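**Student:** Before I ask anything, here is the structure I am working with.
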Amino acid sequence: MLHFRFSTVLKELFEATLKRPLPGCRQKTWLPIRHCCFGAASVDARSVSTQLKVLHAAAHRPALRTAPCATPVRSYCAKTEGAVELDEQLKKDGGGSEEASDKRRNAGILPSLEDLLFYTVAEGQEKIPAHKFLTALKATGLRTGDPRLKECMETLKETLKKTSDGVTLDRHLFKRCVQSNIVLLTQAFRKKFVIPDFQSFTSHIDELYENAKNLSGGQVADYIPQLAKFNPDLWAVSLCTVDGQRHTVGDTKVPFCLQSCVKPLKYAVAVHDHGTEYVHSFIGKEPSGLRFNKLFLNEDDKPHNPMVNAGAIVCTSLIKQGEGNAEKFDYVMNFLKNMAGNEYVGFSNATFQSERESGDRNFAIGYYLKEKKCFPEGTDMTSVLDFYFQLCSIEVTCESASVMAATLANGGICPITGERVLSPEAVRNTLSLMHSCGMYDFSGQFAFHVGLPAKSGVAGGILLVVPNVMGIMCWSPPLDKLGNSVRGIQFCTDLVELFNFHNYDNLRHFAKKHDPRREGGDQRVKSVINLLFAAYTGDVSALRR
């Protein structure tokens, strides 16, 4: 925990408080607190994360920028000569505009958000090494490669080339680098993201990863020859929150095919394009209670849901009807790339060829669906099956797939680009069906024990969504007898046992579980920050408390 050197600050604060005028005095002053000095601390990323709490002082700064009203204002420090002159000028200018606020800030009376960020990272130093800022940024969960920080990182790179040592930044250079992304950076360093204490949370994730890594059961799928070639020791977990905080552990850069994990994604595309009513005029919404590749329809001669093979094949036929397979494939690929924030989405032609050559069961399902008139009129069934095999052969990494899951968790808006990809209707329907039908014949048990929307695939992936919080991709090729990743199931189960992510966990009374959405930390440190913030904003009642 960061140790504040606060005794001197508090002494000066209370001395200044004693000097304030009586309530009837019309003297106006502005507290010239520019920054708070901290004691020496290591620049270890974990400690930096805690140190950054000082940016809570920026929380209500807009209120400070409003004009001084005509009623008496209590003062907390003696005015400087420059402040008296500035007050006189403000009287002439009206004092109530944003321009007046800018004058106060430019005169050095009020620190900007950029200043506060610099003082937080610098810890009282005149200059800061760039790597110290980047280490502190990483501690918040943001990556330097985040598309939202592109301008900031490019400016930082160019600025460092012009400095004498190529390493350090003074306050003015630092402000120039961060000003384009100051809102996002302020949120990050003030711990206003959905997971405030991100490093503590990820340390638990690493522990869960290691626990699942020790499992050795399961068999790699071999009914598709290309899948049988994967090393059973591969194991990866990647997560992305709705604010774009990222964490990965294990073999997260190894590409693998989505297989059945693409089913909820193409269903979401179909609902986005056509709406719920049209899509479900062809496909049901109920769990089948049967194997995912059974030749079986419901009593209305429709596939039970889009998460079994029959429903997924019909869903595939609804995308870009009348177009060729090339146009359809590009269309879905662009959708998935947008969901992944333009991170890796590829295609395995070898897997596609392997699937088509060994797809007798799916061809049987296709002909059965055709005989039962389950497709839209004029559909070429064999062309649809080719497209179906293509979509199953789309490649991702754990990292890119976690962003896709986070887009679903974020209501259809990609967290790292801010772009809306899917409609809220499509996302809601997709998560509902993932929750009830997404884990093959294990769906009921998974909904009971884990209580989160998820979809598994025979390549070993599990796409897990914590609505409004994060998306997670687990990947390990060995499968259990129901076709789900052995390590992935264990990780998901352990995750919900540790954190109150289950849909029906009570968020107010959680005695045995952690809630990473709540900010922890030492109460004493919080009290000091609140005290300094009260002094900064001139809140006398808070000071007296």
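The values are calculated or read from the model by the stated rules, or taken from the named source; none is laboratory data. Quick caveat, the model's predicted, so the values are computed rather than measured. Cβ coordinates were reconstructed from backbone atoms using ideal geometry, including for glycine residues, and neighbour counts include every protein chain displayed. Please note that ligands, DNA and RNA were not included when accessible areas were found on the heavy atoms of the full protein model with its side chains. Shrake-Rupley method; radii C 1.70, N 1.55, O 1.52, S 1.80 Å.
**Student:** If you take the Cα Rg of the stretch 200-496 and divide it by 2.2 N^0.38 Å, with N the number of residues, what do you get?
**Tutor:** 0.92
**Student:** Additional query: Label the stretch 264-353 by shape, choosing from rounded, prolate and oblate, from the square roots a ≥ b ≥ c of the eigenvalues of the Cα gyration tensor; if a/c is under 1.5 it is rounded, and otherwise prolate applies when a/b is larger than b/c, oblate when it is not.
**Tutor:** Cα axes put the stretch 264-353 in the prolate bin.
**Student:** Oh, and also: Need the C-alpha centroid separation for the stretch 451-468 versus the stretch 286-348, integer Å.
**Tutor:** After rounding, the separation between the Cα centres reads 16 Å.
**Student:** In addition: What GluC sites (Glu not before Pro) in the stretch 251-326 are in a loop by DSSP, with at most 15 other Cβ atoms within 10 Å of the Cβ?
**Tutor:** Qualifying residues, ordered by number: 299, 323.
**Student:** If you average 1/r over all unlike Cα pairs in the stretch 191-291 and invert the result, what Kirkwood radius do you get in angstrom?
**Tutor:** 17.5 Å
**Student:** Shifting gears a bit: Under 20 Å from a point placed 7 Å out from the Cα of residue 530 along the Cα-to-Cβ direction: which residues of the stretch 109-128 have their backbone N that close?
**Tutor:** none
**Student:** Something else about it: With r defined as the distance between the Cβ atoms of residue 222 and residue 172 and R0 fixed at 45 Å, what FRET efficiency is calculated, to the nearest 0.05?
**Tutor:** So the FRET efficiency works out to roughly 0.10.
**Student:** Follow-up. What does the charge count around residue 233 come to, taking other residues whose C-beta lies under 11 Å from its C-beta (Lys +1, Arg +1, Asp -1, Glu -1)?
**Tutor:** Charge balance near residue 233 sits at +1.
**Student:** Determine the gain in length on full extension of the stretch residue 383-residue 540; use 0.36 nm per residue of separation and subtract their C-alpha separation, reporting nm with one decimal.
**Tutor:** 49.2 nm
**Student:** Given labels modelled 7 Å from the Cα in the Cβ direction, how far is it in nm from residue 425 to residue 295?
**Tutor:** Going by the 7 Å Cα→Cβ label model, 3.6 nm.
**Student:** Computing the accessible area with a 1.4 Å probe over protein heavy atoms, can you report the carbon and sulfur percentage for the stretch 200-496?
**Tutor:** The computed percentage sits at 47.
**Student:** Here is a further query. Assuming a viscosity of 1.567 mPa s and a temperature of 4 °C, what translational diffusion coefficient in µm² per second does Stokes-Einstein assign to the stretch 371-451, Rh being the Kirkwood radius over Cα pairs?
**Tutor:** Once the numbers are plugged in, D ends up at 84 µm²/s.
**Student:** Based on the alpha-carbon gyration tensor of the stretch 401-526 and its eigenvalue square roots a ≥ b ≥ c, which shape applies: rounded if a/c is under 1.5, prolate if not and a/b is larger than b/c, or oblate?
**Tutor:** Oblate is the answer for the stretch 401-526, as a/c is 1.5 or above yet b/c matches or exceeds a/b.
**Student:** Now for a separate question. Sort 302, 253 by heavy-atom solvent-accessible area, probe 1.4 angstrom, most to least.
**Tutor:** Highest to lowest solvent-accessible surface, that is 253, 302.
**Student:** Sketch the reach of a paramagnetic label on residue 327 as a point 7 Å from Cα along Cα-to-Cβ, and name the residues of the stretch 263-283 whose backbone nitrogen lies under 18 Å away.
**Tutor:** Residues 270, 273-274 qualify, since their backbone N sits under 18 Å from the label point.
**Student:** Could you tell me which of the pairs 302/481; 161/192; 150/512; 229/455 are separated by over 29 angstrom between their Cα atoms in the structure shown?
**Tutor:** 161/192; 150/512
**Student:** Let me ask you something else. Could you give the nm distance between label points at residue 192 and residue 207, where each point is 7 Å from its Cα heading toward the beta carbon?
**Tutor:** Placing both labels 7 Å along Cα→Cβ, they lie 3.1 nm apart.
**Student:** Here is the link list: 263/328; 266/372; 138/191. Which ones come out longer than 20 Å on Cα distance?
**Tutor:** Checking Cα-Cα distances, 266/372 exceed 20 Å.
**Student:** Now a separate question. So how much slack lies between residue 361 and residue 441, counting 0.36 nm per residue of separation and subtracting their Cα-Cα distance, in nm?
**Tutor:** The residue 361-residue 441 span can extend by a further 27.0 nm.
**Student:** Relative contact order of the stretch 369-477: what whole-number percent is it, with Cα pairs under 8 angstrom and at least 6 residues apart?
**Tutor:** 25 percent
**Student:** May I ask you to derive the relative contact order of the stretch 200-496, considering only C-alpha pairs under 8 Å and at least 6 residues apart, and to give it as an integer percent?
**Tutor:** Reported relative contact order: 29 percent.
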